[in-house]
Amino acid sequence: MFASVILLLWSSRIGGDRLALTKMKRIEIVGLNRERKQLIEYLQRYGAVDISDSRSDELNARETAATISQLESNMAQVASAIALLPKEKNGLFAKRIETDADKCGLKSGEASQTMEIVRNILQMKKSIEKNEDTFSQLETEKDSLKKYISLDTSADTQKTRHTVAKAGVLDGEWDEEKIWQKLGEYEIEGVHFEILDATKQQTALWIIYSRSEEGKIAKFFADVNFVSPKNMADCEPQKRIDEIKKRQQELSDENAELSKKIAGYADTRPDLELFYDKMTVRRDKYRALSNIGITENAFFINGYIPESDGERLKAELLKRFTVAVELSDPKDDEDVPTAFKNNAFIAPVEGITSDYSMPSKNDIDPNPVMAVFYYFFFGMMFSDAGYGLLLMIVCGILGFGNVLEKKKRNTFRMFFYCGVSTTFWGLMYGSFFGDMIATVSNAFGSGKLALSPILVDPVQKPLSVLIMSVVFGTIHILAALVIKFYMTWRSGEKWAAVFDTGFWILVILGISVLAAGAAFTIPIVTNIGKYMAIGGAVGLVLTQGRSSKNPIMKLLNGILSLYDITSIVGDVLSYSRLMALGLATGVIASVVNVLGSLGGNSIVGLISFIAISIFGHTLNFAINMLGAYVHTNRLQYVEFYQKFYEGGGRKYNPLGLNTKYYNFKNERNGDYV
């Protein structure tokens, strides 16, 4: 119990806000319609106000659906045009172009000029696609003619006063004898045919017959599934094939010229990208406008802003515009957006929580506590000092350097801290690229070098690692229950906190103390744990049926509540994955080293060792890092959050300059978005 509480308080101290979320203020702005556009644009550049729907029966709203639809249509066309243009190679970690926010507004005539360029590009692309369709159709026709290439007349049906000549295909492979035999079955005599091509699938046939035999021939054709080609040119197949090839070459040349013309627009790509971002900014502005209440002369904006930004924005608005601004605390029934506010150690894992669900108004920020467990468990599962150092170096550069934009760095910072934990656990387990130090020493040296585990060798003592995993899992679950106890107590339900959570904490802690006493053969500790567990169980039996009026049902429901211990045991055992994945990482790495050392102490052996090690450890790194990431998330989502976390909150989404290609500087802090 004390360990969980200490960890909880220490983690909350790291978070800085005692497990609290960013405090939001309700902001209400009333201004003159003539300044509405300028004020909305300023709020967008400031990037701090989450605008709510301010429309009502008394306040109208500007109809912006048609404008938004047109903007999105233009954006789609521009995006298609940009995708067709050549792009400069800016490396794997290209950053958006940083520019001043003043450039996010449209200039006079810019939209019509830019869309004209876009339409030209798309029209050429459309012509290319049309030519490609024609090319495909000609290719199909050419393929169908190849089987008739030996025919020195048109493959189309030809008729005279007394005869009919047809070309077509029969299913399967036929020879002359087989065809004559089939014709004989229908007593057809006035006929002449030539086999033009024969495969196991089809036989191409040219046949000429007397009109007097048409009835019999029709039955013959139906029997052998004779199919005549359609829309054949009125010339020899070879001549038509030559015409098709010529036309296809013309289409290819035309498409090459069109592609060259499209590539000629490459220098317009920066302008198109900037225009796309301007359209994005304008679309977001019109979406905000649709939520603003207006009268004949005034407008009303209602929204939410972080308390730390409220007074500053209010002062700026009063200085720049003719407005009235009021800041107030939101009411309990308001749908207030949620935002996290943590330091550099905690902030990287905020995305893990937001992917699961944003906190509700009844929740606390779980990240300060979760972050400690997250880094700890990830390292325990990845558990190799070599892999951890690689993770630290790469993610440290990407997360703390200027290689990436600020908003893209958090994930790499998270993996940097995971790398620190991985390195720690690798040293605890004596794993540096598996047993590479010992393997290299044995294969190419004296055999005296090796990295000894500081804590335990998971291969030699897997049971010890399993026990550690269960202990850490128990602490994790106890921490979740302590948070639940705190949240219930804070909400005013103090007895519910004690009865529904406190007694379970006592039971789990008692069983843990009892197990520890039995393991180390300390009778007094064993007895303390036993009485704690019994006390907690008695408390549950006496209180869990309190909602029932019938005394017998009270007791029965209390006794049945103890069945939940099976669920808790299952949750605790799920932490065995900490041992399993940690063991897998080291064992696979060691197997890679063994395979690499099979070449012996020679130049060839050294080269094969390097090649096998690079390939094998890269594969092992990728697979087990993914496994550690997935299962660390699972432990937080399934075993931790479900004990106390309600979720379902609305994420803080301020009106801002949310762009794709250009990074505009905002008004709030003069920094880039």
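Please specify each residue of segment 423-450 satisfying the condition of being free of Cβ contacts under 8 Å to residues at least 60 places away in the same chain and closer than 30 Å to G399 by Cα. Correct list: T423, F424, G426, L427, M428, G430, F432, I437. In segment 506-519, the residues that are polar (S, T, N, Q) form Cβ pairs under 7 Å with partners that are at pLDDT 95 or above, at six or more places apart or across chains, as follows: S512/T474. Of all the listed residues (R240, R282), the sole one being farther than 28 Å from S108 by Cβ and surrounded by 18 or more Cβ atoms within 10 Å (Cβ to Cβ) is R240.
I need a count of the residues in segment 167-206 that are assigned to a strand (DSSP E or B) and more than 22 Å from D156 (Cα to Cα). Count: 0.
Residue by residue, here is whether (1) of a type in the set (G, A, S); (2) part of a loop (DSSP other than H, G, I, E, B); (3) buried (at least 18 other Cβ atoms within 10 Å of the Cβ) holds:
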position: R26; (1), (2), (3): no, no, yes
position: A81; (1), (2), (3): yes, no, yes
position: E88; (1), (2), (3): no, yes, no
position: K103; (1), (2), (3): no, no, no
position: L106; (1), (2), (3): no, yes, no
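When each of Q181, Q158 is tested for being of a type in the set (S, T, N, Q) and closer than 30 Å to Q137 by Cα, the lone residue that passes is Q158. Condition check for A76 on (1) at pLDDT below 90; (2) closer than 30 Å to L43 by Cβ: one failure, at (1). Against the list (1) in a helix (DSSP H, G or I); (2) more than 34 Å from the chain's Cα centre (by Cα), the condition F300 fails is (1).
Which residues, taken from segment 317-336, are under 41 Å from the mean Cα position of the chain (by Cα), assigned to a strand (DSSP E or B) and of a type outside the set (D, E)?
To start, the set of residues in segment 317-336 that are under 41 Å from the mean Cα position of the chain (by Cα) comprises 317, 325-336.
Among the residues that remain, those that are also assigned to a strand (DSSP E or B) are: 325-328.
Of everything in segment 317-336, those that are under 41 Å from the mean Cα position of the chain (by Cα), assigned to a strand (DSSP E or B) and of a type outside the set (D, E) turn out to be V325, L327, S328.
Within the span defined as segment 584-604, every residue fails to be under 30 Å from K95 (Cα atoms), within 27 Å of the chain's Cα centre (by Cα), buried (at least 17 other Cβ atoms within 10 Å of the Cβ) and touching a residue at least 40 places away in the same chain (Cβ under 8 Å). Looking at segment 350-373, can you tell me whether even one residue there is over 20 Å from V482 (Cβ atoms), touching a helix residue (DSSP H, G or I) at 6+ places or on another chain (Cβ under 7 Å), in contact (Cβ under 8 Å) with a residue 12 or more places away in the chain and basic (K, R)? No.
Of D100, D53, which residue is closer than 27 Å to K341 by Cβ, modelled with pLDDT of 75 or more and not β-branched (V, I, T)?
Numbers: D100 fails: closer than 27 Å to K341 by Cβ.
Checking each option against the conditions leaves just D53.
The values are calculated or read from the model by the stated rules, or taken from the named source; none is laboratory data. Since the model is a prediction, treat every value here as computed from it, not as a measurement. So basically every Cβ, Gly included, is an ideal-geometry build from the backbone, and we count neighbours across all protein chains shown.
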